[in-house]
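Single-structure report; data block below.
The values are calculated or read from the model by the stated rules, or taken from the named source; none is laboratory data. Treat the numbers as computed from the prediction; the structure is a model and nothing was measured. Ideal geometry is used to build each Cβ from the backbone, glycine not excepted, and the neighbour counts take in all protein chains shown. Remember, those area values only see protein heavy atoms, side chains included, never the ligands or the DNA or RNA. Shrake-Rupley method; radii C 1.70, N 1.55, O 1.52, S 1.80 Å.
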Amino acid sequence: MINQHSENLLNTQLENAPGEGYIFSWFDWFCLWYPPGWLILFNRHWQHYHTDSDGWNWLEYGLFLIPGGFYLALLSRWLRLGFRSPRTEVSEFDPKYQQAFRKEVLGPIVKYYFRGELQQVENLPQTGPLIVAMNHAGMSFPWDFLALGYLLSEARGWGVQLLANPALFEHPWMIWWLPPKWSQVLGGVRAELDDFEAATAQGKTVLYAPEGIRGPMKGWRRRYQLEKFDVSFMKLSDRYQIPILPVVCIGSESLHPWAVNFKKLQRLVKLPFLPISPLMLALILFPSMGVWAMRTRLHYFIQPLEPAQLHNHSNKGHKVIYRQAQQLREKLQIKINQLLRGI
């Protein structure tokens, strides 16, 4: 849990004028345009609102920026913490911090780096809750979903939460890279059925990748080909009478281009996927680039709302629900093909 002092500080800063919150300085702009600096940007923003004695310090930030320096920074932090991992007490979703991060950090990234845009906004409903289902690619940190969450929040004022692979919550790399339980605090929902159902039952707008981890795993060669859809989102849409908003993203495939998944090494390091590409040499020299992605244009095409089925889900067999999910997949694949022909 966030300690009381940090929570009071955050509430005070968010209620005051915007200029009294986190100011995006020249150094932050430098971090945005210098790939190894993205990790500095996220941690600096966190430390502005939270007391985090276990976090990175300025000496270590400086080491991030030179080839191989991250390894020295990691050693420095490990020694400074007394040969242990960082504490991970903070774990609850904090909508106030999500709002601050969205406006002060995510906004500049989405607007000026990924140049995200919503298209066919007339299909966007005025109110939630919704299950937002989108194609997923890129083999990188899930910037396609984070950018969509930001744009939906700006367009409708929704508090949007992202369904994410459990590795984004608990993998040792994430624990060292990012602040304690960063994904949970920003509203991440573990991609497990119980957590997904709990978020849906509470009436939240959840971003969902029907392809699951198969989406980013398909790599560069099959980047425009949708994989088989999971059926859990159809079941929960029916059970809780929450409509599905399909979205097609064009541009996410370029977040990490020319990548293939190295399955044997991926299983060895226990990651959901491990992209191998020409960029891997840069990642070896600058491991802080693990949360970075290539500059691209993220265009989101909002599709007509798929209303929740009005029939009792208990009367439907698995084959019926599976067929519904694959029919939606076929519709989105046709839309992707049409959009690509128009590029």
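Of the set (1) crowded, with 17+ Cβ neighbours inside 10 Å; (2) part of a helix (DSSP H, G or I); (3) at pLDDT below 85, all apply to GLY19 but (1). Of all residues in the range 269-300, those satisfying the criterion of being among the β-branched types (Val, Ile, Thr) and open to solvent by less than 30 Å² (accessible area, probe 1.4 Å) are VAL291, THR296.
Whether any residue in the range 65-76 is open to solvent by less than 40 Å² (accessible area, probe 1.4 Å) and under 15 Å from LEU178 (Cβ atoms) is what I want to check. Within the range 65-76 (the criterion being open to solvent by less than 40 Å² (accessible area, probe 1.4 Å) and under 15 Å from LEU178 (Cβ atoms)), the answer is yes, since at least one residue qualifies. Residue count for the range 145-195 under the criterion of being over 16 Å from LYS103 (Cα atoms), of a type outside the set (Lys, Arg) and out of contact with any His (no Cβ under 8 Å at 6 or more places or on another chain): the result is 28.
Taking (1) on the phi > 0 side of the Ramachandran plot; (2) not in a loop (DSSP other than H, G, I, E, B) in turn, VAL247 satisfies each apart from (1).
I'd like the full set of residues that are assigned to a helix (DSSP H, G or I), open to solvent by less than 20 Å² (accessible area, probe 1.4 Å) and more than 16 Å from LEU255 (Cα to Cα), limited to the range 195-222. Matches in the range 195-222: PHE196, ALA199, THR200. Against the conditions (1) outside any loop (DSSP other than H, G, I, E, B); (2) out of contact with any Lys or Arg (no Cβ under 8 Å at 6 or more places or on another chain); (3) open to solvent by less than 30 Å² (accessible area, probe 1.4 Å), GLY55 satisfies every one except (1). Consider the range 90-113 and keep the residues that are over 21 Å from ARG295 (Cβ atoms) and at pLDDT 90 or above. The one that is farthest from the chain's Cα centre (by Cα) is LYS96.
Test GLU227 against the stated conditions and say whether it is surrounded by 15 or more Cβ atoms within 10 Å (Cβ to Cβ), part of a loop (DSSP other than H, G, I, E, B) and free of Cβ contacts under 8 Å to residues at least 60 places away in the same chain. Lay out the reasoning, then the answer.
Working: surrounded by 15 or more Cβ atoms within 10 Å (Cβ to Cβ): yes; part of a loop (DSSP other than H, G, I, E, B): yes; free of Cβ contacts under 8 Å to residues at least 60 places away in the same chain: yes.
Spelling it out, GLU227 is indeed surrounded by 15 or more Cβ atoms within 10 Å (Cβ to Cβ), part of a loop (DSSP other than H, G, I, E, B) and free of Cβ contacts under 8 Å to residues at least 60 places away in the same chain.
Considering only residues that are among the basic types (Lys, Arg) and at pLDDT 95 or above, look in the range 45-89 and name the one that is nearest to LEU106 (Cα to Cα). Among them, the one singled out is ARG77. Pairing residues of the range 105-131 that are touching a residue at least 12 places away in the same chain (Cβ under 8 Å) with residues that are among the hydroxyl-bearing types (Ser, Thr, Tyr) and assigned to a loop (DSSP other than H, G, I, E, B), at Cβ distances under 9 Å and at least 6 apart in sequence or on separate chains, gives VAL105/TYR22; TYR113/THR296; PHE114/THR296; ARG115/THR296.
Figure legend. Inter-residue proximity from the range 159-185: first residues modelled with pLDDT under 85, second residues among the β-branched types (Val, Ile, Thr) and part of a loop (DSSP other than H, G, I, E, B), beta-carbon distance below 9 Å, spacing 6+ or different chains. Indicated pairs: ASN165/ILE213; GLU170/THR88; PRO180/THR88; PRO180/VAL90; LYS181/THR88; LYS181/VAL90. When ILE244, ILE321 are screened for being in contact (Cβ under 8 Å) with a residue 40 or more places away in the chain and touching a strand residue (DSSP E or B) at 6+ places or on another chain (Cβ under 6 Å), only ILE244 passes.
Please go through the range 99-123 and pick out each residue that is surrounded by fewer than 20 Cβ atoms within 10 Å (Cβ to Cβ), closer than 30 Å to VAL231 by Cα and not β-branched (Val, Ile, Thr). Those that are surrounded by fewer than 20 Cβ atoms within 10 Å (Cβ to Cβ), closer than 30 Å to VAL231 by Cα and not β-branched (Val, Ile, Thr): GLU117, LEU118, GLN119, GLN120, GLU122, ASN123.
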